[in-house]
1. Please verify whether residue B:157 is without any contact (Cβ under 8 Å) to a residue 40 or more places away in the chain and more than 9 Å from chain A (Cβ to nearest Cβ), treating the condition exactly as stated.
2. I need the helices (runs of 4 or more DSSP H) fully contained in segment B:144-255, keeping only those with at least 2 residues that are among the β-branched types (Val, Ile, Thr) and out of contact with any Cys (no Cβ under 6 Å at 6 or more places or on another chain).
3. Looking only at segment B:85-105, count every residue that is surrounded by fewer than 19 Cβ atoms within 10 Å (Cβ to Cβ) and within 8 Å of chain A (Cβ to nearest Cβ) and tell me the total.
4. Restricting to segment A:154-192, and then to whatever is assigned to a loop (DSSP other than H, G, I, E, B) and not basic (Lys, Arg), can you tell me which residue is farthest from residue A:114 (Cα to Cα)?
5. Restricting attention to segment A:285-338, which residues are more than 16 Å from the chain's Cα centre (by Cα) and of a type in the set (Gly, Ala, Ser)?
6. Across segment A:156-171, what is the number of residues that are under 18 Å from residue B:88 (Cβ atoms) and either at pLDDT below 85 or surrounded by fewer than 12 Cβ atoms within 10 Å (Cβ to Cβ) (or both)?
Amino acid sequence: MIKALQKVSNKMLFNESTSASGVSSMKGNKLKIRHLLIALLLGASVVSIFVGVADISVFDILTGDADKLFLISASRFPRTISLVLAGIGMSVSGLIMQQLTRNKFVSPTTAGSLDAAQLGLLLGLILIPSAGTLMKGGFAFVFTFAASLLFLKIVDSIRIRNVIFVPLVGLMFGAILNSVATFFAINLNIVQDVNAWMMADFSGVLSGRYEMIYFSLPAVAITYLYANKFTLIGMGEDFSKNLGLNYRFVMNLGLFSVSLTLSAIVLTAGAIPFLGLVVPNLVTMIYGDNIKKVLPEIALFGAIFLLTCDIIGRLVIYPFEIPIGLMVGIVGGAIFLIMLLRRR
Amino acid sequence: MIEIKNISKHYGDHVVLNDISLRFPKGKITSLIGSNGTGKSTLLSIMSRLLVQDNGEVFVNEKKNTDYKSAVLSQHLSILKQFNNIELKLTVKELVSFGRFPYSQGRLSEEDHEKIEETLGFLDLIELQDMYLEALSGGQRQRAYLAMVVAQDTEYILLDEPLNNLDMRHSVQIMKILRKLTEVLGKTIIVVLHDINFASHYSDYIAALKNGRVKYFGKANEIINEDILKDLFGISFCISQSNGKKLCNYFNHFN
């Protein structure tokens with residue numbers, strides 16, 4: 001029936017000039033770039049496995065050198081897979097947080113979420129010292145979830161909903177959590193341990209000690225399944241409700257995924273700054289905000305970015321390492337600064 | 001049929017809506033008019049469950065709107081609010097596709113794709129479909145938002161000042177689209193309008209709000225009346241006839 005109307009409407013033509021500049025990029029090109037990213041990820045993973053103090057070559061694997069194979073399975077592979085999962089997890093969490101708050105500058109770093117995970121972990125250590133890693137991780141998760149809820153409440157009730165003001169509040173919120181953690185750390189004489197969590201480091205990732213990071217996988221899967229709903233959330237409460245979305249539920253589901261991912265990563269490697277801010281922003285700047293469409297690129301790019309930073313950090317002062325938190329801080333910070341300056 | 005019964009809403013001591021009841025004629029355009037702050041937008045928000053009323057009920061097809069599942073109600077009733085600030089970088093087609101969300105939850109069926117294409121054609125957006133919203137002019141963007149609501153394909157469409165920020169040509173264009181939606185597709189449209197002449201020319205019925213109540217309700221031609229308008233807006237109007245429609249001149253504030 002509308003077809004008939006279409007004819008009528010075409011008669012009352014309104015020729016608007018269409019500039020070519022705003023047209024979104026072509027589908028074929030995008031597929032090529034996705035393939036390129038996958039190839040880069042595989043390449044970086046291979047390099048990551050072979051870089052290190054002990055010299056391992058492809059030849060050793062082929063000849064089945066037992067010592068070197070053990071090194072790979074106990075240290076190199078866990079490290080590489082943790083880097084990949086952490087890269088994916090941090091970037092996807094950042095994206096979700098930006099949707100939930102409708103603010104491009106909100107991320108695990110600028111909303112206090114990482115600080116919450118750290119404090120949660122510390123409190124877990126203090127309150128339930130005899131519990132296993134899973135329990136402590138669970139404690140950190142609950143704490144992160146609660147802190148994220150609190151942050152959203154604060155954001156909801158502040159009057160100035162300025163783009164920059166919201167992450168500023170988040171940074172302050174994080175600083176408060178951080179100082180509480182430092183207070184406990186000083187009292188218990190474990191400042192150094194706590195500082196180690198503050199700055200991510202993958203050199204301690206070993207088989208048997210890193211498996212918690214797999215908990216970030218279900219969270220990423222949820223994000224993919226609910227991608228359209230998260231896009232809708234980003235359009236605002238009124239739009240979501242008009243389209244019949246269960247707004248509260250999807251909000252909480254997003255916070256759940258983010259909290260799960262972050263506590264898993266902080267527990268395994270520590271806090272990785274800026275990744276959740278820079279990666280989603282860079283990718284959506286090019287490909288738009290339709291999450292279903294950009295999620296693979298964001299995940300791939302995040303993993304490649306973290307792997308690359310790690311490889312550089314391992315090579316610059318070889319045979320020593322620059323902690324990856326520092327590397328990402330430098331590279332990510334620089335990119336973020338450029339991004340801010342270019343944003344009109 | 002959409003009907004409101006004894007709706008009240010207040011913010012603190014300020015009463016916005018005071019015991020309002022009204023039945024909106026089916027398959028017609030009803031305009032809501034009244035001065036600023038008379039509760040027109042509040043009423044639309046309550047009717048579309050975006051805002052919760054203090055008192056009273058809203059019936060959609062003889063069923064309370066709170067008795068519907070939200071996802072089901074969004075197949076019957078849609079709303080486009082006055083200020084739409086989507087800051088996401090989405091293309092026109094992506095936005096319009098989200099209008100099908102109540103039916104597909106994001107997994108578009110063959111029928112959804114057809115509806116999206118039809119809507120894009122209906123609102124003359126074919127050429128703009130791959131443009132990002134941020135690259136559009138205000139009028140084009142408004143049309144894209146409207147397209148999303150049209151793609152939602154609901155029996156009842158509520159629009160809060162859809163002509164906001166549009167120039168004359170685009171205003172006329174939007175109003176003509178609304179007319180077609182009612183005349184050809186039988187939609188019931190309730191629209192808040194500030195331009196009294198658009199209300200006079202394009203609506204079948206007019207509901208006029210004053211002091212939190214529906215002070216006048218009737219056919220457009222009956223409400224467009226010098227005494228009524230003076231009572232509503234507190235200024236004088238000079239009404240003339242043009243092509244069978246009433247034309248209001250209030251620019252000189254005749255005394």
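The values are calculated or read from the model by the stated rules, or taken from the named source; none is laboratory data. Keep in mind that this is a model prediction, so the values were computed, not measured. Neighbour counts run over all protein chains shown; Cβ positions are idealised from the backbone, glycine included.
1. Considered against the rule, which asks whether it is without any contact (Cβ under 8 Å) to a residue 40 or more places away in the chain and more than 9 Å from chain A (Cβ to nearest Cβ), residue B:157 comes out as no.
2. Values: elements: B:168-183, B:196-202, B:220-223, B:226-233.
Per the criteria, B:168-183.
3. 3
4. Residue satisfying both the conditions and the ranking: A:160.
5. A:288, A:313, A:334
6. Qualifying residue count, segment A:156-171: 2.
A quick yes/no check of all residues on (1) in a helix (DSSP H, G or I); (2) among the hydroxyl-bearing types (Ser, Thr, Tyr); (3) under 15 Å from residue A:94 (Cα atoms); (4) modelled with pLDDT under 95:
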| position | (1), (2), (3), (4) |
| --- | --- |
| A:223 | yes, yes, yes, yes |
| A:232 | yes, no, no, yes |
| A:238 | yes, no, no, yes |
| A:249 | yes, no, no, yes |
| A:262 | yes, no, yes, yes |
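A quick yes/no check of all residues on (1) over 15 Å from the mean Cα position of the chain (by Cα); (2) farther than 28 Å from residue A:235 by Cα; (3) crowded, with 19+ Cβ neighbours inside 10 Å:
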{"position": "B:133", "(1), (2), (3)": "yes, no, yes"}
{"position": "B:137", "(1), (2), (3)": "yes, no, no"}
{"position": "B:146", "(1), (2), (3)": "no, no, yes"}
{"position": "B:149", "(1), (2), (3)": "no, no, yes"}
{"position": "B:153", "(1), (2), (3)": "no, no, yes"}
{"position": "B:184", "(1), (2), (3)": "yes, yes, no"}
{"position": "B:195", "(1), (2), (3)": "no, yes, no"}
{"position": "B:199", "(1), (2), (3)": "no, yes, yes"}
{"position": "B:213", "(1), (2), (3)": "yes, yes, no"}
